[in-house]
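A short worksheet on the structure shown next.
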Amino acid sequence: MIAYNHEEYIRQAIESILRQDVDFPIELVIGDDCSPDGTAAICEEIAAGDPRVRLLSRERNLGVMPNFTRTLLACTGEYVAVCEGDDYWTDPHKLRKQVQFLDAHPDYAGATHQSMIITNNVAVRVFKENVPPTLTMMDMIGGRLFHTASVMFRKPVLSLFIESPLVLSCDRLLNICISFAGKVHYSNERMCAYRLHDGGMSSNASVEQMKLDLNCISYLKRVSPVFPKYRYMSYVYATIGLCKAARFEQKIYYLSLYFLYSFSHFPGNLAFIGSRLARAARAQLLGS
């Protein structure tokens, strides 16, 4: 669990993990990135009463990916699951179900599941519909099919993840690394909650921060020569062009790059563009 300014949410996040009904030992490793609010105090209070909780040192602010990396590397278990400090798990058997699946299917490197999106403590919709039960690398290129709080993977995946250059979307990078190591199982069971709020990273990222996601492309291509470099570039450019903080001229520039590079996966790019336009039209109608 990584956390930053999650005072309002982190107690629920931690307790949802400690309430897991399992027949194997678990540990909760928390990397608070020097939150200026009361996040650390809540973590310390809970850790004092439960030896399963281990807090990492917090001398200085590291940033998202360095903090995420050090927290993952501090985990000692055979499997690693992720839950950020503003999300939480809703099924007390989540860990048991995912471990049982991975134990029984050694050709799978990870397991994920359906999530509920929460806004103002109200469930508004599921994260994604019609996700196939088995996911591969190509499924990780583009919009997320599952939320980070649903992910469990085999620890050796970290050897791929830690060698990558700095990015902003380190969870997407992790998903790609998992897919390099094997197939990823998807369950449609709703076992976690993704909390949408104004303090989330996705709501506040700048253009310069989002451009960091281009840093990993050469590395991923070296690890897997079949990695679709230009398709991934087109997706990253699209996310930058749609960034809330982007100026109008930046939006035009990066969306133009997206359109250009999207022809690396023609004609699938046309279906993607059509779906985006349809979504924008629906949002406009709902707004009016």
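Averaged per residue, what accessible surface does the chain expose to a 1.4 Å probe, in Å²?
Ligands and nucleic acids excluded, the figure is 49 Å² per residue.
Along segment 164-171, what does the Karplus equation 6.51 cos²θ - 1.76 cosθ + 1.60 (θ = phi - 60°) give for ³J(HN,Hα), rounded to whole Hz, x for Gly and Pro?
Running phi through 6.51 cos²θ - 1.76 cosθ + 1.60 with θ = phi - 60° gives 6, x, 5, 9, 8, 7, 5, 5 Hz.
Output wanted: per-residue J couplings in Hz (rounded whole) for segment 190-197, from phi through Karplus 6.51 cos²θ - 1.76 cosθ + 1.60, θ = phi - 60°, x for Gly and Pro.
Per-residue couplings from phi come out as 8, 10, 8, 10, 9, 8, 8, 8 Hz.
Distance between the C-alpha centers of segment 113-190 and segment 1-78? Whole Å please.
20 Å
What order, most packed first, do the peptides 212-218, 126-132 have when packing is the mean number of other Cβ atoms within 10 Å of each residue?
212-218, 126-132
Please identify the trypsin sites (Lys or Arg not before Pro) of segment 169-259 that satisfy two criteria: DSSP loop assignment and at most 15 other Cβ atoms within 10 Å. Which are they?
The qualifying sites are Lys244, Arg247.
Please list, in chain and number order, the residues 5+ apart from Leu168 or on another chain whose amide H is under 5 Å from its amide H, with Hs placed from the backbone.
Leu212, Asp213
Just the number, please: carbon plus sulfur as a percent of the accessible area of segment 66-159, 1.4 Å probe, no ligands or DNA/RNA counted.
The C+S portion of the solvent-accessible surface of segment 66-159 is 55 percent.
Nearest 0.05, what FRET efficiency do Lys221 and Phe263 give at R0 = 22 Å with Cβ-Cβ as r? Walk me through the intermediate numbers first.
Values: r = 19 Å, r/R0 = 0.85.
The pair Lys221/Phe263 has a calculated efficiency of 0.70.
Looking at the chain only, what percent of DSSP beta bridges run antiparallel? Nearest 5 please.
Antiparallel bridges make up about 45 percent of those DSSP assigns within the chain.
Please work out how much length the chain gains when fully extended from Val122 to Ala104, using 0.36 nm per residue of separation minus the C-alpha to C-alpha distance, in nm with one decimal.
Numbers: separation 18, 0.36 × 18 = 6.48 nm, distance 3.56 nm.
My answer for the length gained is 2.9 nm.
Using the crude model of +1 on Lys and Arg Cβ and -1 on Asp and Glu Cβ, and no other charge, please compute the dipole size for the chain relative to its Cα centre, in debye to 20.
Approximately 1200 debye in magnitude.
Please check: in the Gaussian network model of the chain (C-alpha springs, under 10 Å), which one of Ala74, Ala193, Ala40 has the largest mean-square fluctuation.
Residue with maximal mean-square fluctuation among Ala74, Ala193, Ala40: Ala74.
Taking only Cα atoms and a 10 Å spring cutoff, compute GNM fluctuations for the chain and point out the largest among Tyr253, Tyr230, Tyr88.
Residue with maximal mean-square fluctuation among Tyr253, Tyr230, Tyr88: Tyr253.
If I take R0 = 41 Å and measure r between the Cβ atoms of Arg190 and Glu249 in this structure, what FRET efficiency does the formula 1/(1 + (r/R0)^6) give, to the nearest 0.05?
It comes to 0.50.
If the cut-off is a Cα-Cα distance under 16 Å, which aspartates and glutamates reach Lys251, setting aside same-chain residues fewer than 8 apart in sequence?
Glu208
So which residue, out of Phe227, Phe263, Phe248, gets the largest mean-square fluctuation from a GNM of the chain using Cα contacts under 10 Å as springs?
Phe248
Please give every one of the lysines within straight-line cross-link reach of Lys244, meaning a C-alpha to C-alpha distance under 17 Å, and leave out same-chain neighbours fewer than 8 residues apart.
Answer for Lys244, where 17 Å is the Cα cut-off: Lys211, listed by chain and number.
Subtract the Cα-Cα distance of Arg96 and Arg54 from 0.36 nm times their separation in residues, and report this length gain in nm to one decimal.
13.0 nm
Residue by residue through segment 215-229, what is 3J(HN,Hα) from phi via Karplus (6.51 cos²θ - 1.76 cosθ + 1.60, θ = phi - 60°)? Round to whole Hz and write x for glycine and proline.
Per-residue couplings from phi come out as 4, 8, 5, 5, 5, 5, 5, 5, 5, 10, x, 8, 4, x, 3 Hz.
The values are calculated or read from the model by the stated rules, or taken from the named source; none is laboratory data. Since this is a predicted model, take the numbers as computed values, not measurements. Backbone-built Cβ (ideal geometry, glycine too); neighbour counts: all protein chains shown. Each accessible area value is taken on the protein alone, full model and side chains, heavy atoms only, with ligands, DNA and RNA left out. Shrake-Rupley method; radii C 1.70, N 1.55, O 1.52, S 1.80 Å.
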